[in-house]
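Just below is one structure, and these are the notes that go with it.
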Amino acid sequence: MGIHVHLRVFAGRDYMTESNHSTFEHPEVQLAGTGYVAAYVAGIALMGLSLMLVKDHALDPTALGIAISGIAGLAALLQCVLLLHMTLSRTQIWQTVALVLFVPLFILTIGLTSWMFHGLYQRTMLRPIAASQAMAPAPLRAPR
Amino acid sequence: MLVHIDGPWSPLLGRLALTEIPYKNPILVGTFLFAVVLAVVLVGLTTYFGFWRTLWRDWLTSVDHKKIGIMYILIGLVMLFRGFIDAVMMRTQQAMAVGPHSAGYLDAVHGYLTPYHFDQIYTAHGTIMILFAATPLLVGIMNILVPLQIGARDMAYPYLNAVSLWLTAAGAALVMASLFIGDFAHAGWFGIVPVMELPYSPGVGVDYWMWAFQLSSIGTTLGGINLLATIVKMRAPGMTWGRLPIFTWASLSANLISLTTFPVVTVALALLALDRYLGTHFYTAGLGGNLMLYNDLFWIWGHPEVYFVILPAFGMISEIIPTFAEKPLFGYMGMVVASLGIAGVSWGVWLHHFFTMAAAPAVNAFFSITTMAVGIPTGVKVFNWAFTMFRGRLRFDLPMMWASAALFFLLVGGLTGMMNAFATNDYMVHNSVFVVAHFHMMLLLIVYAIFGGVNYWFPKVFGFRLEQRFGRMFFWLFTAGTAVVFVPMFTLGFMGMTRRLDYVAFPQWQPLLDIEVVGIVIYVLSAAFLVAQLYVSLRDRAQNRVGADAWGTSRSLEWITHSPVPFYNFAVTPEVHARDERSWRHERGLDDAAPVVYEDIHMPCKTAIPLGLGALGFGLAFALVWRIWWLALLCSGAIVALIVIRAFMTGTSYTIPARDVEKMEHDRKRGAAKPARAQVPGGSPAPVLGGGT
Ligand code: HEM
Ligand SMILES: [Cu+2]
């Protein structure tokens, strides 16, 4: 019979995040160091860079697409390293697992989307980026 | 940098002006008066019963997962009512506006709603029902049950849990505010581009829709993270993955979906915001914009979202059926794999919402096949439920009635879904009311599961059972209403009626539209029985009190603790021995075994900060809708400040000494017949910040 098992008290760790410790001693803060600030600044800088590229039509459409994707990839990589600290240590393993699980999703959704648009452009659409080149940017106004 | 908008704008009030209050619209004025009267009555009652203190201390500032769950459910019910009123208006308008000779009232040429107003109603109906009724109801139920089912004291992040709740509440409040200040969107619940772009929707309607959506989706993402962390990290000793209650598995798979897909809609809406506020061209019809990009992004979230709402419903059905068949669930592992399978497939089917866009045939074929593949795990589930019932000792108490009727809707909804899944077929029915009927079957399945679940777990949360006689009448009338509304709707769909018509050009559709009105009247009648059920349940609560196991044959862990559940959930963290722990203990005569040693319990303190964050979120969204920049900046600053302040607060948790736990447990045993004053619904009130008991 399992009576003795049943009545045993669990003296395990309490995982609830409420704690009375100093904020600066919180493991997340300890882990952060300058990495968080660096990741933030780098993210803003890379986003600013891509904004400039697009705004000034700095490259031809195909090159622009490649450049933006490259910058996005770089940004994602920096965040993984600086912000998420992807490692296999006990504290970080779940972050790493969660992120790795995202990868097939990215491939699935982005891959299928590109496949879909590829066919769609050929069949029905003007290439929008080319179209944008033909037209000079004009301020958007609501109809009166 | 900001895009130019036509019309007046002032630095102080933005686009807001007295003319934005629709005081000339009798329907809205009536609604406003109703809301005011309701508010006065509620405030009056709260004052009369001296409930303000309890309201503030035990509810608004609570971080208790059970109370947060109850508040989620209340928001869901209020919004369900609002969405239902929208439905009544749509049904009556369509029945009145048939043929060129139909009369017009209240400025409308036909019927009583102008096209602009009608469009806002169906947009609000869909947005509300999916985001502010179904989602909060299910999130509320998950909030209450998951910690109890895994033997935890609360969620992994109780404070974050309250933040999620109040963000959802802020979104719901924003939708409600749009009734009386300005307009709501008129571009459908999923948003039609480029109609949502500024030139075509220069008003504030789309902005209301967009920010309300945004608030709730951020709330749900945070809630998803919380539930996942809870399930992964907070399980009691012995609660292995193979013993996890099936509803918790369903919640796990549902929240994997919310974690991975809600961010997509956040981005999709953020890009729309950039278009509408900064004049970018993500979704415009020219200048490099791409209309289909919006549909793509929206439905990458949209389809998984429908599985996000159905998986918890499946989970509830899977808990209810074994209890009332008095047998363990058939094919537990199959159920688990099927839930994860549905979550997995849900990411690869979204394009079926725009088959008619004219993607290449191979693309449509691919998505047809993936969509049909969803039928496999779903079929596994249906057979498992059937085998659970097979040769069971079936009892048709109310929860079982709702749960088994839900299976019928799964059948109708699933099969019509399969019909839509053939891209060729879909060219016939897309944008017709056939599709509308399909997804209402699916959403009604969820509603049935929710009613079943509420009836089933109500005694666990409140300590007494709901009345069954009026409950049954509610069930039958609700079911009759469903049949009378949706059979004609399927028929009209086959006859070619497109959705969202404010005027119906074909008089031969009149009879079927009239039948639908009869159906909605039956729904209204059924609501009276729901009210009667709740009233009688409350009145007779003393007779209907239950012990730990409200149904006598329940199986999972939540049934071993008291009903109503004390605020600390379990006196000592339970040790789990079996998949159906409650039955395991029951079979070994351990029902009344009391712990010999009590331990200190570590609990989070209540806090008003989440409520403040919700209020500021509402303020920020409202300011953005009306382009009141100073207010937007102020609210953003205050949000950041509050978050930082909270991060530096100490004493956010307290400990209940073991002897106090013991005393409370003994009091409870002695006072079992007569509930203590402290036994407020949903558990006893938590002690004050930092204090003992
Ligand atoms: C067997 C599973 C299912 C299949 C095969 C299926 C298939 C489909 C298809 C092909 C469409 C697109 C029809 C069109 O617009 O022409 C559709 C629409 C829809 N389905 Fe399902 N579905 C299934 C389950 C569900 C579930 C579980 C839900 C919700 C709980 C749901 C909710 C919806 C909604 C909301 C729409 C239309 C949204 C709109 O256009 O406003 N479906 N379904
Ligand atoms: Cu879908």
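The values are calculated or read from the model by the stated rules, or taken from the named source; none is laboratory data. Predicted model only: the values in this text are computed from it and were never measured. Cβ sites come from the backbone with ideal geometry, for glycine too, and all protein chains shown count toward neighbours.
Taking each residue of segment B:490-506 that is within 14 Å of ligand 1 (Cβ to nearest atom) and looking for partners that are among the acidic types (Asp, Glu) with beta-carbon atoms closer than 9 Å, six or more apart or interchain, yields B:Arg500/B:Asp119.
Can B:Ala162 be described as within 14 Å of chain A (Cβ to nearest Cβ) and not charged (D, E, K, R)? Criteria met by B:Ala162.
Applying the criterion of being aliphatic (A, V, I, L, M), within 13 Å of ligand 2 (Cβ to nearest atom) and away from every other protein chain (no Cβ under 14 Å) to the residues of segment B:296-322, the residue that is nearest to B:Arg395 (Cα to Cα) is B:Ile310.
Filtering segment B:607-636 to residues that are within 24 Å of B:Tyr157 (Cα to Cα) and among the small types (Gly, Ala, Ser) leaves B:Ala608, B:Gly612, B:Gly614, B:Ala615, B:Gly617, B:Ser636. Per this entry, B:Ala403 is counted among residues that are more than 14 Å from every other protein chain (Cβ to nearest Cβ) and either more than 13 Å from B:Thr323 (Cβ to Cβ) or assigned to a helix (DSSP H, G or I) (or both). Condition (residue is within 14 Å of another protein chain (Cβ to nearest Cβ), acidic (Asp, Glu) and either closer than 19 Å to B:Pro115 by Cβ or surrounded by 24 or more Cβ atoms within 10 Å (Cβ to Cβ) (or both)) applied to segment B:178-189: is it met by at least one residue? There is no residue in segment B:178-189 that is within 14 Å of another protein chain (Cβ to nearest Cβ), acidic (Asp, Glu) and either closer than 19 Å to B:Pro115 by Cβ or surrounded by 24 or more Cβ atoms within 10 Å (Cβ to Cβ) (or both). Restricting B:Trp249, B:Trp241 to those that are at pLDDT 95 or above, out of contact with any Ser or Thr (no Cβ under 9 Å at 6 or more places or on another chain) and more than 9 Å from every other protein chain (Cβ to nearest Cβ) reduces the list to B:Trp241. Look at segment B:17-41: where a residue is more than 14 Å from B:Ser178 (Cα to Cα) and a partner is in a loop (DSSP other than H, G, I, E, B) and among the aliphatic types (A, V, I, L, M), sitting 6+ places away or on another chain with Cβ atoms under 7 Å, you get B:Pro26/B:Leu106. Checking every residue in segment B:617-633 against the condition of being aliphatic (A, V, I, L, M), at pLDDT below 90 and surrounded by fewer than 16 Cβ atoms within 10 Å (Cβ to Cβ) gives zero matches. Right, B:Val337: in contact (Cβ under 8 Å) with a residue 40 or more places away in the chain, over 28 Å from B:Asn455 (Cβ atoms) and more than 12 Å from ligand 1 (Cβ to nearest atom) or not? Considered against the rule, which asks whether it is in contact (Cβ under 8 Å) with a residue 40 or more places away in the chain, over 28 Å from B:Asn455 (Cβ atoms) and more than 12 Å from ligand 1 (Cβ to nearest atom), B:Val337 comes out as yes. Please verify whether B:Leu411 is buried (at least 19 other Cβ atoms within 10 Å of the Cβ), closer than 29 Å to B:Leu513 by Cα and within 12 Å of ligand 1 (Cβ to nearest atom), treating the condition exactly as stated. In short, no. Looking only at segment B:588-606, which residues are more than 8 Å from every other protein chain (Cβ to nearest Cβ) and either farther than 18 Å from B:Arg153 by Cβ or surrounded by fewer than 20 Cβ atoms within 10 Å (Cβ to Cβ) (or both)? B:Gly589, B:Asp591, B:Asp592, B:Ala594, B:Asp600 - these are the residues of segment B:588-606 that are more than 8 Å from every other protein chain (Cβ to nearest Cβ) and either farther than 18 Å from B:Arg153 by Cβ or surrounded by fewer than 20 Cβ atoms within 10 Å (Cβ to Cβ) (or both). Taking the listed residues B:Val337, B:Val380, B:Val374, B:Val345, the one that is within 30 Å of B:Leu244 (Cβ to Cβ) and out of contact with any helix residue (DSSP H, G or I) (no Cβ under 7 Å at 6 or more places or on another chain) is B:Val337, with no other qualifying. Of everything in segment B:323-372 that is of a type in the set (A, V, I, L, M) and in a loop (DSSP other than H, G, I, E, B), the residue that is nearest to ligand 2 (Cβ to nearest atom) is B:Val349.
Beta carbons closer than 8 Å, at least 6 apart along the sequence or on distinct chains, pair a first residue in segment A:46-64 that is within 15 Å of B:Gly288 (Cα to Cα) with a second that is loosely packed, with under 15 Cβ neighbours inside 10 Å and basic (Lys, Arg) for A:Pro61/A:Arg127.
Looking at B:Met90, B:Met129, just one residue is surrounded by fewer than 21 Cβ atoms within 10 Å (Cβ to Cβ) and at pLDDT 95 or above, and that residue is B:Met90.
Note on segment B:276-311: residues that are touching a Pro at 6+ places or on another chain (Cβ under 9 Å) and either β-branched (Val, Ile, Thr) or surrounded by 23 or more Cβ atoms within 10 Å (Cβ to Cβ) (or both) total 4. Any residue in segment B:421-439 that is of a type in the set (D, E, K, R), within 16 Å of ligand 2 (Cβ to nearest atom) and part of a loop (DSSP other than H, G, I, E, B)? Among the residues of segment B:421-439, not one is of a type in the set (D, E, K, R), within 16 Å of ligand 2 (Cβ to nearest atom) and part of a loop (DSSP other than H, G, I, E, B), which makes the answer no. For segment B:524-562, residues that are surrounded by 15 or more Cβ atoms within 10 Å (Cβ to Cβ), part of a helix (DSSP H, G or I) and not hydrophobic (A, V, I, L, M, F, W, C) total 4. Find all pairs meeting these conditions: Cβ atoms under 6 angstrom apart; at least six residues apart or on different chains; first residue within segment A:98-119 and within 8 Å of chain B (Cβ to nearest Cβ) and among the hydroxyl-bearing types (Ser, Thr, Tyr); second residue in a helix (DSSP H, G or I) and surrounded by 12 or more Cβ atoms within 10 Å (Cβ to Cβ). From segment A:98-119, the pairs are A:Thr109/B:Ile300; A:Thr113/B:Asp296. Considering B:Gly519, B:Gly471, B:Gly493, B:Gly481, the condition of being more than 24 Å from B:Thr123 (Cα to Cα) and buried (at least 19 other Cβ atoms within 10 Å of the Cβ) is satisfied by B:Gly471 alone.
Listed conditions (1) in a helix (DSSP H, G or I); (2) buried (at least 20 other Cβ atoms within 10 Å of the Cβ); (3) touching a helix residue (DSSP H, G or I) at 6+ places or on another chain (Cβ under 8 Å); (4) within 14 Å of chain A (Cβ to nearest Cβ) are all met by B:Ile643, apart from (2). A search for C-beta distances below 9 Å between a residue of segment B:421-439 that is within 14 Å of another protein chain (Cβ to nearest Cβ) and any residue that is in a helix (DSSP H, G or I) and more than 8 Å from ligand 1 (Cβ to nearest atom), counting only pairs 6+ apart in sequence or on different chains, returns B:Ala423/B:Pro361; B:Ala423/B:Asn364; B:Ala423/B:Ala365; B:Ala423/B:Phe367; B:Ala423/B:Ser368.
Kindly indicate whether B:Ala672 is within 19 Å of B:Ala162 (Cβ to Cβ), part of a loop (DSSP other than H, G, I, E, B) and at pLDDT below 80. No; evaluated as a whole, the condition is false for this residue. Within segment A:69-128, take every residue that is in contact with a Ser or Thr (Cβ under 8 Å, 6 or more places away or on another chain) and at pLDDT 90 or above and give me the one that is surrounded by the most Cβ atoms within 10 Å (Cβ to Cβ). In this case the residue turns out to be A:Ile71. Pairs are defined by a Cβ separation below 9 Å, a sequence spacing of at least 6 or placement on different chains, a first member in segment B:304-322 that is under 12 Å from B:Asn384 (Cα atoms), and a second member that is within 11 Å of ligand 1 (Cβ to nearest atom) and hydroxyl-bearing (Ser, Thr, Tyr); the pairs so defined are B:Phe314/B:Thr378. Among the residues of segment A:46-61, the ones that are surrounded by 11 or more Cβ atoms within 10 Å (Cβ to Cβ) and in a helix (DSSP H, G or I) come to 8 in all. Looking across segment B:1-26, just one residue is surrounded by 12 or more Cβ atoms within 10 Å (Cβ to Cβ), farther than 22 Å from B:Ala273 by Cβ and among the β-branched types (Val, Ile, Thr), and that is B:Ile21.
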